[in-house]
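Shown next, in structure tokens, is the structure this report addresses.
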Amino acid sequence: MWRDQDRPLEVVVSCPDCERIHLLPAESGTLYLAPVLAHTRSALRRRMVEEQIPCSEPVSDILAMPVAGDGGLADALSRLDQVLSGSEQAGCRATFVPEGEQFGLRHLQDTHLLSALIARHNARDLSNILANDALDFHFQPIVHAANPAEVFAYEALVRASTPAGEVIPPNDLFRTARDADLLFHLDRSARINAIRRATERGIGSRLFINFNPTAIYDPAFCLETTVREILSMPAHQSRPAGFVFEVIESDQVSDLEHLAGIVERYRRAGFQVALDDLGAGYASLNMLSQLRPDFVKIDRELVSGIDGDVYQQKILGKVVELARELDVQIIAEGIETPGEWRWLKDQVDYCQGYLFARPAAEPPMPAHPEA
């Protein structure tokens, strides 16, 4: 086991359920529906009759849909998606019980909002991608601001495709995962596979790995799989200082204390932490001062056209001043023009953007803007 500055990495028990993707059952059985409100119950009963969907009411206010095997549950969820509104789906709990079983306490853990089950059905491509560890990654260099031909690190950017080979845009990937309650599984799989792909492609510099703090429930348990993956790497690549975990979608964070706990967990293990998309708003600056990450990435909105916008220059100057006071290294991302780089190169430590290199499966070498 490695150490960072003579501090041993804590090893905790893993969480097997965190590593399991719950695919929709394929066998015959019964889909039980429990609408929370009387209005939803009435609407559900009425729609079942109108659409001639087989249904019974074994006990008061609980509806039961018989489900045939070989895709019957998927068909049932598709029909319910068509006949119920989004609010009605969200107001109904559902659970599937296989044929030959009676509903019991053990089925409670498989009880979900109907909207989540339908979203899981609509996210079947994503479920299969996660179940088969089929995420891939492109890598984009982060370069030294003063010498952009020199790579400081690479950021791992997730990529995924449908079985038909159609690329799934990253924003759609995470939106689908959030709707289907698969955000934790996507985030975990992305962290692990980013490490694997970087190892396969021979990246020897620092690696920035994105993580969504809203997807991490218990840092000690849910991050252990990432630590185990790093420990399995060749010795020369498994130093914790070679990994920077980058907080994405920080604007969605409602529990700063929870995020601080995650950051502390990474740091105790010897990793570094970056805060993404830092803007000029109070929430961003407050998060910077509270978390004090090792790196901060300046939001693209502050970078775009900064060489010709005095107002943006003044705002960025204040952000840089605060980061310097907190001893935080600064990365300007989304740089697309030589003018932006020339203005920024004396203000920040590192740069990233299409001007230097686009993300690619094989880690690209950056081009110098003045070469």
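Quick notes on this one:
- Per the conditions (1) more than 20 Å from the chain's Cα centre (by Cα); (2) closer than 12 Å to residue 246 by Cα; (3) of a type in the set (Lys, Arg), the sole criterion not satisfied by residue 292 is (2).
- Residue check for residue 348: in a helix (DSSP H, G or I), in contact (Cβ under 8 Å) with a residue 40 or more places away in the chain and under 22 Å from residue 247 (Cα atoms): no
- Exclusive hit being out of contact with any helix residue (DSSP H, G or I) (no Cβ under 7 Å at 6 or more places or on another chain), within 20 Å of residue 330 (Cα to Cα) and modelled with pLDDT under 80, set 235, 280, 274, 241: 241
- Those residues of segment 91-116 which are in a helix (DSSP H, G or I), at pLDDT below 90 and either of a type in the set (Phe, Trp, Tyr) or surrounded by 15 or more Cβ atoms within 10 Å (Cβ to Cβ) (or both), in sequence order: 107, 116
- Among (1) surrounded by 17 or more Cβ atoms within 10 Å (Cβ to Cβ); (2) under 20 Å from residue 152 (Cα atoms), the one test that residue 327 misses: (1)
- Total residues in segment 45-64 satisfying the condition of being over 18 Å from residue 85 (Cα atoms) and out of contact with any Lys or Arg (no Cβ under 7 Å at 6 or more places or on another chain): the figure is 9.
- Yes/no for residue 268 being of a type outside the set (S, T, N, Q) and surrounded by 14 or more Cβ atoms within 10 Å (Cβ to Cβ): yes
The values are calculated or read from the model by the stated rules, or taken from the named source; none is laboratory data. Since the model is a prediction, treat every value here as computed from it, not as a measurement. Glycine also receives a Cβ, built like all others from the backbone with ideal geometry; neighbour counts cover every protein chain displayed.
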